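Colleague: There's a structure below that I have some questions on.
The values are calculated or read from the model by the stated rules, or taken from the named source; none is laboratory data. All figures in this text were calculated on a predicted structure; none of them were measured in a lab. Glycine gets a Cβ as well: all are built from the backbone with ideal geometry, and neighbour counts include every protein chain shown.
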Amino acid sequence: MTMKNSRLIFLLFLGAIYMATLTSCGSDQKKDEWEWEWEDPVKNESTADSLITDKGWMLQTGFGELPEYIRVYKSAGVLQNKQAVAYLAVADLNSATFKVLGNASGYHTPNDFYIAGKETVILNGGYFWAGASLSLLCRNAETLCANNPSVSRQNGEFIYYPTKGAFAEMKNGEFQVDWVYSVNGATYAYPNPADNKSGSTPLPQPSATFPEGGSVWNAKNGIGGGPVLIKNSIIVNTHEEELFDTASGVGPENNHPRSAIAVTKTGQLVFFVCEGRNMTQGVKGLTLSEVANILLEIGCTHALNLDGGGSSCMLINGKETIKPSDGKQRSVVTAVAFY
C-alpha cells in the first residue's frame, strides 16, 4: 500500500467519525425538542375583545397612539338590523383611570374638555338645561349636583319624584349602576326604581326608607343620566319608571344618536356612541332597547344611557368618532373620560 493510499484511508476514517458525531448530536437535539420540560400554558378564556369582535366590531387604529389597555372599535355597517355608525371605546380597569368632567353649571364642548385635560377618551355626559346640569355629578366622593328631583306631566297636574339612574366607581373599587335620589343632603341608592309612570298617581318622594331597600350611595366618582339599561347582566330599560318618556324628549322608542356608559363582567369600562339623524345617509340612530341589546351582547353587566341626540359625541385623542347631529359639537355641561 502506498503512502498516498494510506493517507486517503485515514482521511475517510476521520470523515466517518465526524459524520457519526453529527448524526448523534442531531438525534440528541431532536430528542430534546420533543422532551418539553414545562407544562403547557393554560388556554385563555374568551376575553372582552373576542366578545366584541365576534359581534362584527372592527378594531380601529386611526385615532393616534393609544395605551395598550385602551382599544377602539367601529361597528359593522348594520346593527340591530339597521344601518349604523357606532363606536366602542374599551379600557381595562386594572390600568385605566375613570374621570367625570364638568361642574353643576357651565357650558363646554367635548373639545373644550379635551384641551383642558387631554384625557384619551371623552364622551358627553348627563342631561342639562340652560347651562345647568339636570343629572347627578359626583367627584372624589363629593356630590356636586343631584339628579333633577322632580318631573311634571299633564301641564303640571302631576308631579313625580323619579329615582333616576347613575353610573359610578364605588369607594370599594367596583363599577355599577343604581337608581338614586338625593334628599336632605344625602344620596340613596335603591335595588329597584320607584314604580312611577306618566299618567298614574305619583308615588311619594323617595327617602332613606322608600323605595324599599335603600342605602347610602357610596360612590367615589359618578355620573347621572338615564334610564338604566342593564343591571346585573339583565336588560331593565326603566325609561317609564324614570320618566324618560316621549314627553321627556329622550324618545326611548325612536331612532336617535345615543351615548351610553357600561362595564363588563371581565372588568372593562365601555363608552358607546352611535350616529343618527342621517348625518350619514340612511343612518337614523337607535332606540334605547337596541342600545341595551348591543351592550348586553358584548358582555356588559351594568349600563346607563346618557344624554343623546345632538349632545352625542365621543373623542379619541381629541378626534371625533361620529358626526354630531347638530353639524358640530354641542356645548354640554358634563362629560365622562378615561385615560
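Colleague: Which of the strands (runs of 3 or more DSSP E) found entirely inside region 223-317 contain at least 3 residues meeting this: more than 19 Å from the chain's Cα centre (by Cα)?
Modeller: No strands (runs of 3 or more DSSP E) qualify here.
Colleague: Follow-up question, since we're still on this one. Which residue is farthest from A96 (Cα to Cα), if the candidates are limited to region 242-265 and must be among the β-branched types (V, I, T) and modelled with pLDDT of 95 or more? Before the answer, list the steps.
Modeller: Filtering region 242-265 down to residues among the β-branched types (V, I, T) leaves 246, 250, 261, 263-264.
Still in the running and modelled with pLDDT of 95 or more: 250, 261, 263-264.
Details: V250: 31, I261: 15, V263: 13, T264: 14 Å.
Per the stated criteria, the residue is V250.
Colleague: Yes or no: region 281-288 includes at least one residue that is touching a residue at least 60 places away in the same chain (Cβ under 8 Å) and within 22 Å of G117 (Cβ to Cβ).
Modeller: Checking region 281-288: not a single residue is touching a residue at least 60 places away in the same chain (Cβ under 8 Å) and within 22 Å of G117 (Cβ to Cβ).
Colleague: For region 107-146, give me each residue that is β-branched (V, I, T), surrounded by 18 or more Cβ atoms within 10 Å (Cβ to Cβ) and within 30 Å of E65 (Cβ to Cβ).
Modeller: From region 107-146, those β-branched (V, I, T) are 109, 115, 120-122, 143; that's our starting set.
Narrowing further to those that are surrounded by 18 or more Cβ atoms within 10 Å (Cβ to Cβ): 109, 120-122, 143.
The answer is T109, T120, V121, I122.
Colleague: Of everything in region 119-178, what is of a type in the set (V, I, T) and under 19 Å from the mean Cα position of the chain (by Cα)? Give them in sequence order. Walk me through how you get there before you give the answer.
Modeller: Keep residues of region 119-178 that are of a type in the set (V, I, T), which gives 120-122, 143, 151, 159, 163, 177.
Correct list: T120, V121, I122, V177.
Colleague: Same structure again: Sort out which residues of region 57-78 are under 17 Å from the mean Cα position of the chain (by Cα) and either of a type outside the set (K, R) or assigned to a helix (DSSP H, G or I) (or both), and write them in order of number. Steps first, please.
Modeller: At the first step, the residues of region 57-78 found to be under 17 Å from the mean Cα position of the chain (by Cα) are 57-60, 66-75.
Once the filter is applied, which keeps residues that are under 17 Å from the mean Cα position of the chain (by Cα) and either of a type outside the set (K, R) or assigned to a helix (DSSP H, G or I) (or both), region 57-78 yields W57, M58, L59, Q60, L66, P67, E68, Y69, I70, V72, Y73, S75.
Colleague: Out of everything in region 310-339 that is among the β-branched types (V, I, T) and surrounded by fewer than 24 Cβ atoms within 10 Å (Cβ to Cβ), what residue ends up being nearest to T97 (Cα to Cα)?
Modeller: Taking region 310-339 first, the residues among the β-branched types (V, I, T) are 316, 321-322, 332-334, 336.
Remaining after also requiring surrounded by fewer than 24 Cβ atoms within 10 Å (Cβ to Cβ): 316, 322.
Details: I316: 15, I322: 24 Å.
For region 310-339, the residue satisfying everything is I316.
Colleague: Can you find a residue in region 202-217 that is in the same structural domain as Y160 (by TED's automatic domain parsing), touching a helix residue (DSSP H, G or I) at 6+ places or on another chain (Cβ under 9 Å) and either surrounded by fewer than 23 Cβ atoms within 10 Å (Cβ to Cβ) or not in a strand (DSSP E or B) (or both)?
Modeller: Initial filter on region 202-217 (in the same structural domain as Y160 (by TED's automatic domain parsing)): 202-217.
Narrowing further to those that are touching a helix residue (DSSP H, G or I) at 6+ places or on another chain (Cβ under 9 Å): none.
Scanning region 202-217 turns up no residue that is in the same structural domain as Y160 (by TED's automatic domain parsing), touching a helix residue (DSSP H, G or I) at 6+ places or on another chain (Cβ under 9 Å) and either surrounded by fewer than 23 Cβ atoms within 10 Å (Cβ to Cβ) or not in a strand (DSSP E or B) (or both).
Colleague: Right, next: Given the criteria of a type in the set (A, V, I, L, M, F, W, C) and exposed (fewer than 15 other Cβ atoms within 10 Å of the Cβ), does I234 qualify? Walk me through it before giving the result.
Modeller: Details: of a type in the set (A, V, I, L, M, F, W, C): yes; exposed (fewer than 15 other Cβ atoms within 10 Å of the Cβ): yes.
So I234 fits the description; yes.
Colleague: Return only the number of the condition from (1) in a loop (DSSP other than H, G, I, E, B); (2) surrounded by 14 or more Cβ atoms within 10 Å (Cβ to Cβ); (3) at pLDDT below 95; (4) not acidic (D, E) that L51 does not satisfy.
Modeller: (1) is the only condition that L51 fails.
Colleague: A further question follows. What residue, among those in region 89-118 that are of a type outside the set (S, T, Y) and more than 15 Å from A337 (Cβ to Cβ), is farthest from the chain's Cα centre (by Cα)?
Modeller: Initial filter on region 89-118 (of a type outside the set (S, T, Y)): 89-94, 96, 98-104, 106, 108, 110-113, 115-118.
From the residues that got through so far, the ones that are more than 15 Å from A337 (Cβ to Cβ) too are 92, 94, 104, 106.
Numbers: D92: 10, N94: 14, A104: 23, G106: 25 Å.
Result: G106.
Colleague: Determine, yes or no, whether N317 is polar (S, T, N, Q) and within 18 Å of V72 (Cβ to Cβ).
Modeller: Numbers: polar (S, T, N, Q): yes; within 18 Å of V72 (Cβ to Cβ): yes.
So N317 passes the test.
Colleague: Moving on. Give me the pairs: first residue in region 63-91 and under 15 Å from F272 (Cα atoms), second residue assigned to a loop (DSSP other than H, G, I, E, B) and acidic (D, E), beta-carbon distance under 6 Å, and six or more apart or on different chains, which are they?
Modeller: Short answer, once both residue conditions are applied: V85/E275.
Colleague: For region 106-117, state whether one or more residues are among the β-branched types (V, I, T) and farther than 28 Å from Y161 by Cα.
Modeller: So the first thing to find is which residues in region 106-117 are among the β-branched types (V, I, T), and the list is 109, 115.
With the extra rule that they be farther than 28 Å from Y161 by Cα, the set shrinks to 109, 115.
Taking every residue of region 106-117 in turn, at least one turns out to be among the β-branched types (V, I, T) and farther than 28 Å from Y161 by Cα.
Colleague: Considering (1) farther than 30 Å from Y73 by Cα; (2) assigned to a loop (DSSP other than H, G, I, E, B), say which one L144 fails and leave the rest.
Modeller: (2)
Colleague: Quickly run through region 92-119 and pick out the residues that are touching a residue at least 60 places away in the same chain (Cβ under 8 Å), within 21 Å of Y73 (Cβ to Cβ) and not in a strand (DSSP E or B).
Modeller: Correct list: L93, N94, A96, T97, P110, Y114, E119.
Colleague: Which one of these is modelled with pLDDT under 95, of a type in the set (S, T, Y) and in a helix (DSSP H, G or I): S46, S24?
Modeller: Details: S46 fails: in a helix (DSSP H, G or I).
When all the criteria are applied, what remains is S24.
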